[in-house]
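Worksheet: the structure to be examined is printed underneath.
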Amino acid sequence: VQLQASGGGLVQAGGSLKLSCAASRSLSSINSMDWFRQAPGRQREFVAGVSIGGVGNYIDSVEGRFTISRDNAKNMVYLQMNSLRPEDTAVYYCSALLPGPRRLRSWGQGTQFTVSS
């Protein structure tokens, strides 16, 4: 599955932003759709994931501020981000955990946004 992330840009601290991820095919077989991020000089980290049933899970630093959702009918995944902080600045990647025992992932190209203080 090919993924296309969008929605990045520049936002002030405390502001909101919504990222979108468009998939090239149905997500009905993709149990987990996730967002990762990579800040300059840091390793890529998991941010949030949503199960096929719509249950989200988050890292502690974004819990209560970010909301991940998916629309299986539209092959879309979203990340609504509120109360943004400068430390949220990163390139954000959409990722699909592919079916099968090897737990391979498909990655989008990433979308950058910067939170100014």
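The values are calculated or read from the model by the stated rules, or taken from the named source; none is laboratory data. None of these values were measured; they are calculated from a predicted model. Methodologically, a virtual Cβ is constructed for each residue, glycine included, from the backbone with ideal geometry; neighbour enumeration extends over all protein chains shown. Surface accessibility is based on the protein's heavy atoms, side chains included, excluding ligands, DNA and RNA. Shrake-Rupley method; radii C 1.70, N 1.55, O 1.52, S 1.80 Å.
From the residues in the range 65-76 that are open to solvent by less than 50 Å² (accessible area, probe 1.4 Å) and outside any strand (DSSP E or B), which one is modelled with the lowest pLDDT?
Taking the candidates together, the pick is ASN75.
Would you mention how many residues in the range 60-113 are polar (S, T, N, Q) and within 22 Å of ASN31 (Cα to Cα)? Can you show your working first?
Filtering the range 60-113 down to residues polar (S, T, N, Q) leaves 61, 67, 69, 72, 75, 80, 82-83, 89, 95, 106, 109, 111-112.
From the residues that got through so far, the ones that are within 22 Å of ASN31 (Cα to Cα) too are 67, 69, 72, 75, 80, 95, 106, 109.
Matching residues across the range 60-113 total 8.
Report every pair of residues separated by at least 6 positions or lying on different chains whose Cβ atoms are under 6 Å apart, first residue within the range 15-43 and free of Cβ contacts under 8 Å to residues at least 60 places away in the same chain and aliphatic (A, V, I, L, M), second part of a strand (DSSP E or B) and open to solvent by 80 Å² or more (accessible area, probe 1.4 Å).
If the second residue must be part of a strand (DSSP E or B) and open to solvent by 80 Å² or more (accessible area, probe 1.4 Å), the pairs left are ALA22/GLN4.
List the residue pairs whose Cβ atoms are under 8 Å apart, where the first residue sits in the range 100-112 and is among the β-branched types (Val, Ile, Thr), the second is in a loop (DSSP other than H, G, I, E, B) and open to solvent by less than 80 Å² (accessible area, probe 1.4 Å), and the two are 6 or more positions apart or on different chains.
Qualifying pairs under 8 Å: THR111/GLY7; THR111/GLY8.
Would you check which residues across the range 90-104 are out of contact with any Asp or Glu (no Cβ under 7 Å at 6 or more places or on another chain), outside any loop (DSSP other than H, G, I, E, B) and either surrounded by fewer than 14 Cβ atoms within 10 Å (Cβ to Cβ) or among the hydroxyl-bearing types (Ser, Thr, Tyr) (or both) and list them? So that I can check it myself, show each step before the final result.
Step one: of the range 90-104, the residues out of contact with any Asp or Glu (no Cβ under 7 Å at 6 or more places or on another chain) are 90-94, 96, 98-104.
Then keep just the ones that are outside any loop (DSSP other than H, G, I, E, B); that gives 90-94, 96.
TYR92, TYR93, listed by residue number.
Looking at the structure I just gave you, is VAL62 aliphatic (A, V, I, L, M) and not in a strand (DSSP E or B)?
Values: aliphatic (A, V, I, L, M): yes; not in a strand (DSSP E or B): yes.
Yes; evaluated as a whole, the condition is true for this residue.
From the list PHE46, PHE36, which one is open to solvent by less than 50 Å² (accessible area, probe 1.4 Å) and modelled with pLDDT of 95 or more? Walk me through it before giving the result.
Values: PHE46 fails: open to solvent by less than 50 Å² (accessible area, probe 1.4 Å).
Matching residue, one of PHE46, PHE36: PHE36.
How many residues are outside any loop (DSSP other than H, G, I, E, B), of a type outside the set (Phe, Trp, Tyr) and open to solvent by 20 Å² or more (accessible area, probe 1.4 Å) when one looks only at the range 49-59? Quick ask: steps written out before the conclusion?
As a first pass, look at the range 49-59 and keep what is outside any loop (DSSP other than H, G, I, E, B): 49-51, 56-58.
Now drop any that are not of a type outside the set (Phe, Trp, Tyr), which leaves 49-51, 56-57.
The next check asks that each one be open to solvent by 20 Å² or more (accessible area, probe 1.4 Å); those that pass are 51, 56-57.
Of the residues in the range 49-59, 3 are outside any loop (DSSP other than H, G, I, E, B), of a type outside the set (Phe, Trp, Tyr) and open to solvent by 20 Å² or more (accessible area, probe 1.4 Å).
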